[in-house]
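Novice: The structure under discussion is supplied below as structure tokens; questions concerning it will follow.
The values are calculated or read from the model by the stated rules, or taken from the named source; none is laboratory data. Just so we're clear, the structure is a prediction, and the values are computed from it rather than from any experiment. All Cβ positions, glycine included, derive from the backbone under ideal geometry; neighbour counts span all protein chains shown.
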Ligand SMILES: [Zn+2]
């Protein structure tokens with residue numbers, strides 16, 4: 001299976017358009033240690049010709065232009081054969097609007113997310129006779145039709161910010177999703193949002209040869225100490241990288257390749273010569289970057 005990181009940053013990207021925090025300022029100044037990143041999306045393919053996108057980032061147009069694998073092979077063609085929506089947040093679905101020029105592809109998503117697309121008239125621009133909506137349920141494998149088997153995995157999470165007014169109780173119960181993709185005897189899991197690495201989560205991630213995991217925040221209180229927000233990572237639906245319950249500790253025994261994606265611009269591991277980056281690498285984890293590309297055989 002071929003893996004291509006189209007975007008490795010969390011919502012807002014790196015640098016974020018309205019942020020001049022220390023890291024964003026370095027990225028904006030072109031500092032080599034702070035490589036700019038677009039919003040998270042990972043592309044997977046069994047044959048190199050038909051690709052499944054995990055997440056449709058608002059940066060999708062730029063991501064298609066930046067990666068030759070995403071280029072059309074003929075007049076009116078796209079190698080994007082499918083998109084799986086693991087989040088209904090703006091940074092997970094807005095990219096669909098880029099794909100509205102009469103090319104056929106499939107959207108795989110849970111019912112709740114398909115309803116959001118249905119309710120929002122903007123997404124009617126994706127002609128349903130060409131862009132097939134395929135409802136998928138957590139834990140039930142589906143054949144994509146282009147050599148990959150896709151399973152949605154429920155993850156501890158939160159509801160999209162624009163639905164937060166529906167109340168705390170619903171927020172508590174909300175889940176987000178990861179995508180488990182199998183092809184050519186290999187398994188990749190893409191989990192850009194996970195509020196807590198529970199034993200149940202460890203069980204779901206088991207057997208992943210490559211794991212793209214939530215690298216939003218290095219420390220749970222990072223947004224607060226940087227003066228960027230009043231919310232902890234946990235409150236935002238993202239487990240921190242560091243700490244006793246952080247992903248570095250909880251995924252320490254995972255035997256596959258572990259790559260952080262969905263990295264927020266406040267996360268000091270973005271900086272290539274930082275102590276935090278060194279700590280992550282020393283633990284055997286990798287920090288994803290836009291254009292990161294490899295094949296697992
Ligand atoms: Zn920033």
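Novice: Tell me the residue from 261, 201, 210, 241 that is under 20 Å from the mean Cα position of the chain (by Cα) and farther than 25 Å from residue 185 by Cα, please.
Specialist: Result: 241 is the single residue among 261, 201, 210, 241 that is under 20 Å from the mean Cα position of the chain (by Cα) and farther than 25 Å from residue 185 by Cα.
Novice: Let me ask something else. Inside segment 198-219, can you point out the residues that are part of a loop (DSSP other than H, G, I, E, B), buried (at least 22 other Cβ atoms within 10 Å of the Cβ) and away from the ligand (no atom under 16 Å from the Cβ)?
Specialist: The one that is part of a loop (DSSP other than H, G, I, E, B), buried (at least 22 other Cβ atoms within 10 Å of the Cβ) and away from the ligand (no atom under 16 Å from the Cβ): 208.
Novice: Being assigned to a loop (DSSP other than H, G, I, E, B) and on the phi < 0 side of the Ramachandran plot is the filter here; which residues of segment 226-241 pass it?
Specialist: The answer is 226, 228, 229, 230, 231, 232, 238, 239, 240, 241.
Novice: Okay, next question. Looking for something touching a residue at least 60 places away in the same chain (Cβ under 8 Å), more than 28 Å from residue 145 (Cβ to Cβ), in contact with a strand residue (DSSP E or B) (Cβ under 6 Å, 6 or more places away or on another chain) and part of a loop (DSSP other than H, G, I, E, B) - is there at least one such residue anywhere in segment 12-20?
Specialist: Yes, segment 12-20 contains at least one residue that is touching a residue at least 60 places away in the same chain (Cβ under 8 Å), more than 28 Å from residue 145 (Cβ to Cβ), in contact with a strand residue (DSSP E or B) (Cβ under 6 Å, 6 or more places away or on another chain) and part of a loop (DSSP other than H, G, I, E, B).
Novice: So is residue 266 within 16 Å of the ligand (Cβ to nearest atom), crowded, with 23+ Cβ neighbours inside 10 Å and either in a loop (DSSP other than H, G, I, E, B) or on the phi > 0 side of the Ramachandran plot (or both) or not?
Specialist: Judged against the criteria, residue 266 is a match.
Novice: Quick check on this structure: which one of 6, 23 is modelled with pLDDT of 95 or more, buried (at least 21 other Cβ atoms within 10 Å of the Cβ) and either part of a loop (DSSP other than H, G, I, E, B) or away from the ligand (no atom under 16 Å from the Cβ) (or both)?
Specialist: Testing whether each residue is modelled with pLDDT of 95 or more, buried (at least 21 other Cβ atoms within 10 Å of the Cβ) and either part of a loop (DSSP other than H, G, I, E, B) or away from the ligand (no atom under 16 Å from the Cβ) (or both) leaves just 6.
Novice: Could we say that residue 218 is under 20 Å from the mean Cα position of the chain (by Cα), more than 30 Å from residue 50 (Cβ to Cβ) and modelled with pLDDT of 95 or more here?
Specialist: yes
Novice: In the set 75, 71, 88, 46, which member is under 25 Å from residue 147 (Cα atoms) and modelled with pLDDT under 95?
Specialist: 75
Novice: Further question on the same structure: Hey, any hits in segment 205-223 for a residue that's without any contact (Cβ under 8 Å) to a residue 40 or more places away in the chain and closer than 23 Å to residue 39 by Cβ?
Specialist: Yes, there is a match, as at least one residue in segment 205-223 is without any contact (Cβ under 8 Å) to a residue 40 or more places away in the chain and closer than 23 Å to residue 39 by Cβ.
Novice: Please list, ordered by first then second residue, the pairs with beta carbon atoms under 6 Å, 6 or more apart or interchain, first in segment 144-167 and in a loop (DSSP other than H, G, I, E, B), second surrounded by fewer than 17 Cβ atoms within 10 Å (Cβ to Cβ) and at pLDDT 75 or above.
Specialist: If the second residue must be surrounded by fewer than 17 Cβ atoms within 10 Å (Cβ to Cβ) and at pLDDT 75 or above, the pairs left are 147/47.
Novice: Related question: Being assigned to a loop (DSSP other than H, G, I, E, B) and touching a helix residue (DSSP H, G or I) at 6+ places or on another chain (Cβ under 8 Å) is the filter here; which residues of segment 42-58 pass it?
Specialist: Matches in segment 42-58: 48, 55, 56, 57, 58.
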